[in-house]
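Single-structure report; data block below.
The values are calculated or read from the model by the stated rules, or taken from the named source; none is laboratory data. The model shown is predicted, which means the values in this text are computed figures rather than measured ones. No Cβ is skipped: glycine too gets one built from the backbone with ideal geometry, and neighbour counts run over all protein chains shown. To get the accessible areas, we keep the full protein, side chains included, count just its heavy atoms, and leave off ligands, DNA and RNA. Shrake-Rupley method; radii C 1.70, N 1.55, O 1.52, S 1.80 Å.
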Amino acid sequence: MIDAAEEWRRRGSAVWFVAPRPRRPFTGGAGRPAMMELLDAAPPELRPTLVAPVVGWQFELGTSGYRRHVYAKAVLQGVPAGVPLIVSDDPAVWAAGALCARRNPLIGVLHADDRAYYELASSNFLRSSALVAVSLRIAQRVSRELPVDSRAQVATIPCGIPMTGAAARQPQTPGPLRLISVGRLDDYQKRSLDLMRVAIALRQRGVAYTFDIVGDGPERQRLATMIDDGGLQQSVRLLGWLSQEKVARALDGSDVLLMTSNFEGMPVAVMEALRAGCAVVSSRVSGVEDLENNALAKACLRIFPVGDIEAATSLVLDVARFHVPSRVEAARDLARREFSIASCIDRYDVLLGRITPSSAMSGYRAQPAWLETSLSLPLAGMRATKLRLARVLGVERRTNAS
């Protein structure tokens, strides 16, 4: 979203960005850059007009209704009437957009082939002017699930990435195959344990390789155990979360990105890997499958059935054997044509040109702040107490263990 805002500003358009400014860092954001930090890092001439209500612990820990109230009030006070609202992820943001939809056309973005997004689209379609799917699979499914009399347009537009963020790829040197994975380590969506199953299968085939696994999550310890049990300590590294700059350098130094997910939207890791000239071997998921018949993909992308370790292993070796300079060039050309932020904003501009703001500009009237606060405060207090108790017990367990 920040990259998109910068591109619109680069084109001379006015842009407003609504994001809460916490008095203290949110507990759930540990280890990740805050939205305010990312916005503040943008070049001054490209920064959007920031609408940033200052929020406390109740915003993070209270009710969804309270967050909806904060967002809707921020839109009414800081965003001119008629300006389209592009929303994603947080149900409270969608709900706030729906409340303001008669004043500001609502455009909902569906980032993943996941039930939660389809429920957001279904519950807000009557207020939505358009829905943007980041892949064809998502667009087709949401079109099937929406009522036939829905007026919401459905467009397919990847989220896009800037093409200037790739590192300068160094010349290929002889050595082991260089694999990489970037993403959350969980089994529900990412099937992270399959990463190690492929690594073990490669070892059994006698392949020399290194495998850098970037990310963290609930399956990290199980992955570490599989590394130890498989004797792969010299081949596989668990690197945890890395900065964007370090991820770019890691992709630049890799041959193949391996992704084993159950479901995706249009994975940013895939876009960034292709931008870096890195080949991609992925399970058949939303977004990636859209590239399968692209002529450029023949040199740099392979797709296997979800959970098929043997196929994944064979395809890693297949794409790695391709002529390296041709593979790198094809990957970069594919990224530029399909995922450059400029081309994605071109598609948004076409969509926005088809949306006519409502003549009724009255919209939502914010409820009194004391009412939303009083309804949310008990839940926020209970959650805050649980967090404090969990921290105390965690310290006590560590002390006893030492």
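Based on this model, can you work out whether Gly65 counts as surrounded by fewer than 17 Cβ atoms within 10 Å (Cβ to Cβ), of a type in the set (Gly, Ala, Ser) and under 25 Å from the mean Cα position of the chain (by Cα)? Spell out how you get there, then give the answer.
Working: surrounded by fewer than 17 Cβ atoms within 10 Å (Cβ to Cβ): yes; of a type in the set (Gly, Ala, Ser): yes; under 25 Å from the mean Cα position of the chain (by Cα): yes.
Spelling it out, Gly65 is indeed surrounded by fewer than 17 Cβ atoms within 10 Å (Cβ to Cβ), of a type in the set (Gly, Ala, Ser) and under 25 Å from the mean Cα position of the chain (by Cα).
If you check Arg137, Arg127, Arg141, which single one turns out to be without any contact (Cβ under 8 Å) to a residue 40 or more places away in the chain, under 25 Å from Ile161 (Cα atoms) and open to solvent by 60 Å² or more (accessible area, probe 1.4 Å)? Steps first, answer last, please.
Working: Arg137 fails: without any contact (Cβ under 8 Å) to a residue 40 or more places away in the chain; Arg127 fails: under 25 Å from Ile161 (Cα atoms).
Checking each option against the conditions leaves just Arg141.
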- Query: Does Gly175 fit the bill of being within 22 Å of Phe304 (Cα to Cα) and assigned to a loop (DSSP other than H, G, I, E, B)?
  - Reply: no
- Tell me which of these Met266 doesn't satisfy, since it passes every other one: (1) within 25 Å of Leu317 (Cβ to Cβ); (2) crowded, with 23+ Cβ neighbours inside 10 Å. (1)
- Item | Matching residues, the stretch 219-247, being surrounded by fewer than 17 Cβ atoms within 10 Å (Cβ to Cβ) and of a type in the set (Gly, Ala, Ser) | Ala224, Gly230, Gly231, Gly240, Ser243
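How many residues are open to solvent by 70 Å² or more (accessible area, probe 1.4 Å) and within 22 Å of the chain's Cα centre (by Cα) if we restrict to the stretch 39-62?
Step one: of the stretch 39-62, the residues open to solvent by 70 Å² or more (accessible area, probe 1.4 Å) are 40-41, 44-45, 47, 49, 54, 57.
From what is left, the residues that are within 22 Å of the chain's Cα centre (by Cα) are 40-41, 47.
The qualifying residues number 3.
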- Item | Pair list, Cβ < 8 Å and 6+ apart or interchain, from the stretch 35-55 residues that are of a type in the set (Phe, Trp, Tyr) to residues that are at pLDDT below 85 and part of a strand (DSSP E or B) | none
- Message: Being among the aliphatic types (A, V, I, L, M), open to solvent by less than 20 Å² (accessible area, probe 1.4 Å) and within 24 Å of the chain's Cα centre (by Cα) is the filter here; which residues of the stretch 178-212 pass it?
- Response: Leu179, Ile180, Leu185, Leu193, Leu195, Met196
- Query: Which of the residues spanning the stretch 234-249 are within 11 Å of Phe211 (Cα to Cα) and among the hydrophobic types (A, V, I, L, M, F, W, C)?
  - Reply: Val236, Leu238, Leu239
- Item | Extreme residue, nearest to Met196 (Cα to Cα), among residues of the stretch 285-297 that are surrounded by 16 or more Cβ atoms within 10 Å (Cβ to Cβ) and out of contact with any strand residue (DSSP E or B) (no Cβ under 7 Å at 6 or more places or on another chain) | Val285
- In this structure, does Gly215 turn out to be at positive phi, among the small types (Gly, Ala, Ser) and under 15 Å from the mean Cα position of the chain (by Cα)? yes
- Output the number of the condition that Ala112 fails; it satisfies all remaining conditions of (1) open to solvent by less than 20 Å² (accessible area, probe 1.4 Å); (2) closer than 14 Å to Ile2 by Cα. (2)
